Amino acid sequence: MTPEKEEFLFRNYPIFDRKHERFETGFNCEDGWFDLVEFVGQWLPFARIPGLKVIGIKEKFGRIVIDVEFTDEEDEFKINLLLEGIMEDSASICERCGEDKDSQKDHCKPMNALHPRQ
């Protein structure tokens, strides 16, 4: 993600724990998922889960992975339900352009060891 977009997210959404070591390299996804990440920043605080912080965001197997930290283990199921939908949405959104994935566009294909992105 571009430094400008990362700075915007960190500045406007304190749920992203900028000081956590997993954010040392910023948001490890591309600009196409900016809207998804911003959605997390806007709505996750409304879950009212004690100590909830996002400590990292990355791409894995063509989906967004959102790492969180919280204080009450009993809230894990609730958090997983909240994040599951976002992870599912990311599977159909191109990480680069933010549009619906199109198998005809090379940049919309997920990267893997056998077929790296160009």
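A few points about this structure:
- Residue pairs meeting the criteria (Cβ under 7 Å; at least 6 apart or on separate chains; first β-branched (Val, Ile, Thr), in region 88-106; second modelled with pLDDT of 90 or more): Ile93/Gly32; Ile93/Trp33; Ile93/Leu36
- Residue within region 37-48 that is of a type in the set (Lys, Arg), out of contact with any His (no Cβ under 6 Å at 6 or more places or on another chain), exposed (fewer than 12 other Cβ atoms within 10 Å of the Cβ) and within 23 Å of Lys78 (Cα to Cα) present: yes
- Residues (among the hydrophobic types (A, V, I, L, M, F, W, C), closer than 15 Å to Glu69 by Cβ and out of contact with any Leu (no Cβ under 7 Å at 6 or more places or on another chain)) located in region 21-47: Phe23, Val40
- From the list Arg18, Arg11, Arg22, the lone residue that is of a type in the set (Lys, Arg) and in a loop (DSSP other than H, G, I, E, B) is Arg18.
- Checking the stated criteria, Arg63 turns out to be surrounded by 13 or more Cβ atoms within 10 Å (Cβ to Cβ) and either modelled with pLDDT of 90 or more or farther than 18 Å from Phe23 by Cβ (or both).
- Of all residues in region 32-75, those satisfying the criterion of being touching a strand residue (DSSP E or B) at 6+ places or on another chain (Cβ under 9 Å), among the charged types (D, E, K, R) and in a strand (DSSP E or B) are Lys53, Lys58, Glu59, Asp67, Glu69.
The values are calculated or read from the model by the stated rules, or taken from the named source; none is laboratory data. In this text the structure is predicted, and so the values were computed from the model without any measurement. Here the Cβ is made from the backbone with ideal geometry for all residues, glycine too, and neighbour counts use every protein chain on show.
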